[in-house]
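Reviewing the structure listed below.
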Amino acid sequence: MTFSDLPQQPHWVVSYYRVGRLLHGSLFLFILESLLYGYMLKISIQGGNAFWIVFWISFFLFSFVHIFLTIMDGWSRFQDYKKAKDLFFAYGFQPRIANRFIGSKCQRNAALQAARELGMEPELKEYYTKKGVKWYHYVPYFMVKDPLFMIRKFFWQRTFLEKYYKPRYDFRNILLEGIT
């Protein structure tokens with residue numbers, strides 16, 4: 001693929017939103033839950049019942065911690081998107097590249113957004129369909145295969161602590177320079 005073949009490129013903020021659409025929805029719900037559980041915790045503290053205080057604090061902490069996990073997961077998926085876009089641009093559609101991002105719904109969304117912006121989305125969708133991926137496969141495959149995933153270093157690094165990826169190509173600016 002060459003720069004002259006590129007479709008119009010969206011702003012990075014638009015791509016960030018599209019890559020993490022599911023995660024942004026989850027983030028909104030966790031914020032609402034935290035507000036609700038925090039309110040219920042406040043009422044419980046005023047009532048002084050230890051059972052309800054412990055009950056509501058556990059729900060509040062669960063949803064509050066998930067706010068940060070969701071933000072970190074969104075950051076990691078955006079790094080996946082940038083990698084996928086660079087790889088698809090440099091090498092074209094390759095099954096080995098697509099397989100790097102097949103593990104979870106969010107990773108597939110990142111790769112699909114990258115492929116969409118390069119005009120390769122139909123090929124990637126077809127490949128994932130041939131591999132048996134269904135639209136309702138939300139739970140990451142590694143969670144099904146390894147019930148102890150939470151204690152694995154790889155899980156934490158790959159899901160929440162993905163390092164910053166500096167893209168090799170500035171698609172938007174190159175496309176704009178090519179037009180003028």
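The numbers here are math on the coordinates, done by the rules we state, and not lab data. As the structure is a prediction and not an experimental result, all values here were calculated from the model. Quick reminder, even Gly has a Cβ in these numbers, built from the backbone with ideal geometry, and neighbours come from all protein chains shown.
General remarks:
- Mean residue ellipticity, 222 nm, helices only, the chain: the sum of -39500 (n - 2.57) across DSSP H runs of n ≥ 4, divided by residue count and rounded to 500, is -23000 deg cm²/dmol.
- In the chain, a dipole from Cβ-located charges (positive for Lys and Arg, negative for Asp and Glu) runs towards its positive end, and of 74, 127, 164 it is 127 whose Cα lies farthest in that direction.
- The lysines whose alpha-carbon is closer than 24 Å to the alpha-carbon of residue 125, local same-chain residues fewer than 8 away aside, are 82, 83, 85, 105, 134, 145.
- Residues with amide H under 5 Å from that of residue 119, placed H, sequence gap 5 or more: none
- Each of 84, 147, 97 was scored by the projection of its Cα onto the charge dipole of the chain, and the greatest displacement toward the positive side belongs to 147; charges sit on the C-beta of Lys, Arg, Asp and Glu.
- With kT/(6 pi eta Rh) evaluated at 25 °C and eta = 0.890 mPa s, and Rh the Kirkwood radius from Cα pairs, the stretch 9-168 diffuses with a coefficient of 141 µm²/s according to Stokes-Einstein.
- 0 to 90° range, to nearest 10: angle between helix 50-91 axis and the chain longest Cα axis: 10 degrees
- Per-peptide packing, taken as the mean over residues of other Cβ atoms within 10 Å, places 30-38, 162-170, 8-16, 84-92 in the sequence 84-92, 30-38, 8-16, 162-170 from highest down.
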